[in-house]
1. Any residue at all in segment 42-60 that's at pLDDT below 95 and part of a loop (DSSP other than H, G, I, E, B)?
2. Please indicate, with yes or no, whether at least one residue in segment 9-18 is over 22 Å from Ile88 (Cβ atoms) and open to solvent by less than 10 Å² (accessible area, probe 1.4 Å).
3. Which condition number in (1) within 16 Å of the chain's Cα centre (by Cα); (2) at pLDDT 95 or above is the one that Ile88 fails?
4. Which of the residues that make up segment 212-232 are assigned to a loop (DSSP other than H, G, I, E, B) and either among the charged types (D, E, K, R) or open to solvent by 90 Å² or more (accessible area, probe 1.4 Å) (or both)?
5. Kindly establish whether Asp80 is free of Cβ contacts under 8 Å to residues at least 60 places away in the same chain and either of a type in the set (Asp, Glu) or open to solvent by 70 Å² or more (accessible area, probe 1.4 Å) (or both).
Amino acid sequence: MLAVITGASRGMGKAIAKKFAAEGYNLLLTAKTKSSLEKTREEISNEFPSVEVKTFSADMSISEDIKNMSIFCLNLEVPDVLVNNAGIYKPGKCMDEPDGFMEEMMNINFFSAYHLTRLLLPHMIKKAKGHIFNICSIASLRAYEGGGGYSVSKYALNGFSQNLRHELKPHGIKVTAVFPGAVLTDSWGDFDNSSKRIMEANDIADMIVASTKLSQQAVVEEIVMRPQLGDL
């Protein structure tokens, strides 16, 4: 079994990769920074020596990188699990964001998943088996202060997920949209979580892996997760 995870060198992507490795999946991990990706590969390989961990350094906002990554993947194996996790958060307001801001958000947060999924899907459909997870965000569900282009791009990913789910029903491929609230990752900088105010990356990873363990006739369409005390 092969799990393909984008944005996998740190944060939620890394946590998700470790959870799938613990389940015996071989991994194909991608991220933009080759050095951090290699560090993650070594860490997972040392912890799970029976798991084969492949990496491919790619800027998932660039269509040519996505195409090359898909070719590399298919030369290995048709994935059983695809986790579209690559993304970036920057605060903004639609009314006064700098030129190019929306395009940047859309390219990495939406088009990375859109293009990679479309390149892998014909092979997954032929296999008639697989599970696609799109890491959306609470920002995909309602507007919030400072959401701007980030929120819009995540709304787009949510819309893509809903349409994929509808289209792939007869093909045996499951689609799950994941909507995490605040999760302790690098984007929170030096945030003090000693009071356990926000979630941990493993919380999201646990739910994703659990969703793959259902019978073929059952699918978790959406995973909405927030800190116990609510959004910040």
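1. Initial filter on segment 42-60 (at pLDDT below 95): none.
No, segment 42-60 contains no residue that is at pLDDT below 95 and part of a loop (DSSP other than H, G, I, E, B).
2. For segment 9-18, residues over 22 Å from Ile88 (Cβ atoms) and open to solvent by less than 10 Å² (accessible area, probe 1.4 Å): absent.
3. Failing condition for Ile88: (2).
4. Keep residues of segment 212-232 that are assigned to a loop (DSSP other than H, G, I, E, B), which gives 212-221, 226-232.
Lys213, Gln216, Gln217, Glu221, Arg226, Gln228, Leu229, Asp231, Leu232, listed by residue number.
5. Details: free of Cβ contacts under 8 Å to residues at least 60 places away in the same chain: no; either of a type in the set (Asp, Glu) or open to solvent by 70 Å² or more (accessible area, probe 1.4 Å) (or both): yes.
Considered against the rule, which asks whether it is free of Cβ contacts under 8 Å to residues at least 60 places away in the same chain and either of a type in the set (Asp, Glu) or open to solvent by 70 Å² or more (accessible area, probe 1.4 Å) (or both), Asp80 comes out as no.
The values are calculated or read from the model by the stated rules, or taken from the named source; none is laboratory data. Bear in mind that the values here come from a model prediction, so they are computed numbers and not experimental data. Cβ sites come from the backbone with ideal geometry, for glycine too, and all protein chains shown count toward neighbours. SASA here: full protein model, heavy atoms, side chains in, ligands and nucleic acids out. Shrake-Rupley method; radii C 1.70, N 1.55, O 1.52, S 1.80 Å.
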